[in-house]
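The values are calculated or read from the model by the stated rules, or taken from the named source; none is laboratory data. Note that the structure is a prediction, hence the values are computed from the model and not measured. Cβ coordinates were reconstructed from backbone atoms using ideal geometry, including for glycine residues, and neighbour counts include every protein chain displayed.
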Amino acid sequence: MPHPAAPAARARVVPPAPGSLAAGLRHPVALVHWLWLAYVTPGRPGRPTPQTELRWIYTAWLGAFLLKMLGSSWDVSWHFRWLRDDLAPPHLLNSAGTAVVIALVAFHSYSGRGVDRRALRLMQWGIGTFLVAVPIDIVNHRINGLDITSWSPSHALLYIGTAIMLAGAIRGWWLYAAPGRVRDLVALGLWLFFAENVVFPNQHQEYGVLSLRAYEAGQTTAEPQLLDFAAAQGQTPTTFMLPVPPWVHPAWILCAGLLSLVVARKVVGLRWTATLIAGTYLAYRALVWVGLVATGFPPSVLPLVLLVGAVCIDLAVTLRLPGWSAAPATATLVYVAGWLQDAAGILPPWDWSWWSIALVVAAFTALWTAVDLLARSTWSARWRRPVEPGGTAEGVLAGAHPDGGASSR
């Protein structure tokens, strides 16, 4: 009796989806197995993705960057106490987050789900830049000795790579998530990580000012081997703990940190976007401060001036004030708040010369004005449209697809 012909290809048998994210997390192996069978199939950017699965994907992005942020925060304090170690616990925690990001970028690249082509390219270039920067940073430490400064070129590559990959995640989520509270909350979370990455270099001065004060009082928080190694490298305690000129901290707060909040406010559109991001960041820093001090690690001052600037940004955008008028007023109030924080002894050194203040205010004004002009440009209109070789253009662009696609807002 002849045998029936074997089918040319065996169809995938996909088990039923978990009823909720909580149900899936209770059985992580089954969840991963289901996701693999249902969604890890080859495709091009713009493939429709159901909203539930889209939320799971971007929740994983939030989890990855939470690991990276926790590791980075611990890392700064760690370096003000111990000698550098490639396998130090903060580095391993940060690396765990990076591993999740690599897996997510690989998933988006293979499946084409949850991203358009531009978002995917940003993710790929971002993680590529970050991974290239890692060995460069290790070699830099081997050649230049201690070099813990947040302001080194190799560290700058790490920040740039992180910012690019976050820009891709922000774009992908904002294009494909359905309008509503979940969309806003996840967007705020991604922008929080973006802003934290931007202002991160300033933490060197924020830890350094208290570490130097403790050293000069004879109560150093650094281990002797760290100070001895710094001295062997020709670094004084001041250059080791406060390695950049005093104009850098206020300039970076305004021209990088607050500028990122201006963009976030315009993109997310919620009335108190900048204030929520800055307030959450400072609350996080305060909690980390308590945890680090409780476990014997050095403390830092908090950049409370960031919250003053964030409130000004939200008010200015709500009142539709142009950047050329809102930026000088915002910068002035930030400097006033900085003066008060400095008088209380909880601020890194700032340059209070009139010419330094004038240059920072002028630069911040020019940057905010440029953001306004860019937001009204035809380039911005084109940028807001998804590039989807794997999508159905008409349905997606209209926001009509029930299971995903770019939503109008």
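Out of everything in region 282-329 that is of a type in the set (G, A, S) and in a loop (DSSP other than H, G, I, E, B), what residue ends up being nearest to H249 (Cα to Cα)? By that ranking, first place goes to S300. Is it true that Y110 is surrounded by fewer than 17 Cβ atoms within 10 Å (Cβ to Cβ) and assigned to a helix (DSSP H, G or I)? Against the criterion (surrounded by fewer than 17 Cβ atoms within 10 Å (Cβ to Cβ) and assigned to a helix (DSSP H, G or I)), Y110 qualifies.
Conditions tested, residue by residue: (1) free of Cβ contacts under 8 Å to residues at least 12 places away in the same chain; (2) within 19 Å of I170 (Cα to Cα); (3) buried (at least 20 other Cβ atoms within 10 Å of the Cβ).
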site	(1), (2), (3)
L37	no, no, no
G71	no, no, yes
L93	no, no, no
I102	no, yes, no
V115	no, yes, yes
L120	no, yes, yes
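Candidates in region 126-159 are the residues that are more than 14 Å from T98 (Cα to Cα), surrounded by fewer than 16 Cβ atoms within 10 Å (Cβ to Cβ) and under 18 Å from the mean Cα position of the chain (by Cα); of these, the one that is modelled with the lowest pLDDT is W151.
Scoring I313 on the criteria (1) among the hydrophobic types (A, V, I, L, M, F, W, C); (2) within 20 Å of A187 (Cα to Cα); (3) touching a Gly at 6+ places or on another chain (Cβ under 9 Å) leaves a single failure, condition (3). Taking helices (runs of 4 or more DSSP H) as the structural unit, those lying wholly within region 178-276 and holding at least 3 residues that are modelled with pLDDT under 80 correspond to 224-232, 237-241.
Looking across region 315-337, the residues that are under 25 Å from V209 (Cα atoms) and under 24 Å from the mean Cα position of the chain (by Cα) come down to A331, V334. Take P201 and tell me if it is more than 26 Å from R285 (Cβ to Cβ) and either touching an Asp or Glu at 6+ places or on another chain (Cβ under 8 Å) or of a type outside the set (F, W, Y) (or both). Taking the combined requirement at face value, the residue does not satisfy it.
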